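First comes the structure, then the notes that go with it.
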Amino acid sequence: MADILTIMGTAMDDGSMKAQGRTGEAPILPLFAWLSPSYPVGCYAYSHTLEWAVEAGDVTDEASLVSWLTDLLTFGLGRNDAILLSHAYGAGDQGDLEALEAVNELALALSPSAELYLETSQQGRSFLDATLAAWPSPRLLRIDGEVAFPVAVGMAAAAHRIPLPITAQGYLFGLVQTLVSAAIRLAPIGQTAGIRVSAALAGIVQNIARQAMALTLDDVGGSTFRADLGSFHHENQYTRLFRS
């Protein structure tokens with residue numbers, strides 16, 4: 001696959017400039033819809049092991065939530081999703097279905113448990129189906145079967161010529177918002193604390209999104225071992241609010 005920086009240069013020089021047209025504005029409105037809680041992807045049903053972390057006592061307050069989410073973003077889910085999203089964007093922008101399917105296969109294979117596989121594949125498929133129905137584009141490649149969530153978002157953003165840096169940051173911050181919302185429902189923090197957690201992680205989101213655009217698929221990897229194990233324990237919890 002072509003180097004992601006080359007893809008980015010092509011996308012910004014060709015795609016984004018055409019999309020901006022005479023107004024000079026990037027077409028980012030679809031992204032607001034796609035990453036809003038009302039978009040029918042079912043993100044509210046998943047906590048990405050956070051429910052187990054609360055049950056186990058790893059997350060008990062605002063500070064421990066910031067620490068947990070920082071590790072997820074930096075050493076696992078966040079970094080990997082940003083890399084995968086970037087390469088899906090590049091493949092989609094070039095109309096390279098074979099490369100896109102390869103990224104998707106890798107993204108699905110990275111899921112460490114059945115619950116986390118369901119989390120990304122169900123949201124990805126739901127996102128792509130909703131986008132094909134409401135935001136169609138002749139540039140949007142079609143993948144049949146299961147689709148990982150970051151891959152679905154990346155390929156849709158490329159089809160609609162939404163700049164990659166904005167897409168990556170928006171996706172990761174949407175992930176933060178989803179997990180903070182889960183933490184509020186699990187009751188270790190309140191709403192005001194949740195807002196502070198989101199604000200505290202904004203800079204980390206920006207850095208990860210920026211770095212991911214310079215990385216290859218060989219750079220994918222993680223070290224969130226306790227969270228991964230937590231996804232196995234979660235299915236045996238006596239009471240559960242979330243599917244992961």
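The values are calculated or read from the model by the stated rules, or taken from the named source; none is laboratory data. Note that the structure is a prediction, hence the values are computed from the model and not measured. Counting neighbours? That spans all protein chains shown, and the Cβs are built from the backbone with ideal geometry, glycine included. Each accessible area value is taken on the protein alone, full model and side chains, heavy atoms only, with ligands, DNA and RNA left out. Shrake-Rupley method; radii C 1.70, N 1.55, O 1.52, S 1.80 Å.
Brief remarks on what is shown
- Pairs, first under 20 Å from Leu175 (Cβ atoms) and open to solvent by 20 Å² or more (accessible area, probe 1.4 Å) in segment 129-152, second modelled with pLDDT of 95 or more and among the β-branched types (Val, Ile, Thr), C-beta under 6 Å, six or more apart: Phe149/Thr120
- Count of residues meeting criterion [part of a helix (DSSP H, G or I) and touching a Pro at 6+ places or on another chain (Cβ under 6 Å)] in segment 154-168: 0
- Looking only at segment 132-153, and only at residues there that are assigned to a loop (DSSP other than H, G, I, E, B) and within 17 Å of the chain's Cα centre (by Cα), the one that is farthest from Gly190 (Cα to Cα): Glu146
- Every residue from segment 26-43 that is loosely packed, with under 14 Cβ neighbours inside 10 Å and aromatic (Phe, Trp, Tyr): Phe32
- Extreme residue, surrounded by the fewest Cβ atoms within 10 Å (Cβ to Cβ), among residues of segment 56-84 that are more than 24 Å from Phe232 (Cβ to Cβ) and either without any contact (Cβ under 8 Å) to a residue 12 or more places away in the chain or touching a Leu at 6+ places or on another chain (Cβ under 8 Å) (or both): Ala63
- Checking Glu119, Glu98, Glu115, Glu105 one by one, the residue that is farther than 24 Å from Phe225 by Cβ and open to solvent by 10 Å² or more (accessible area, probe 1.4 Å) is Glu98 and no other.
- Selected residue [outside any helix (DSSP H, G or I) and among the charged types (D, E, K, R)] from Asp58, Asp71, Asp129: Asp58
- Among the residues here, Gly124 qualifies as small (Gly, Ala, Ser), under 16 Å from the mean Cα position of the chain (by Cα) and buried (at least 21 other Cβ atoms within 10 Å of the Cβ).
- Summed over segment 169-226, residues that are of a type in the set (S, T, N, Q), surrounded by fewer than 16 Cβ atoms within 10 Å (Cβ to Cβ) and touching a Leu at 6+ places or on another chain (Cβ under 9 Å) total 1.
- Qualifying residue in segment 194-212 (condition: of a type in the set (D, E, K, R) and in a loop (DSSP other than H, G, I, E, B)): no
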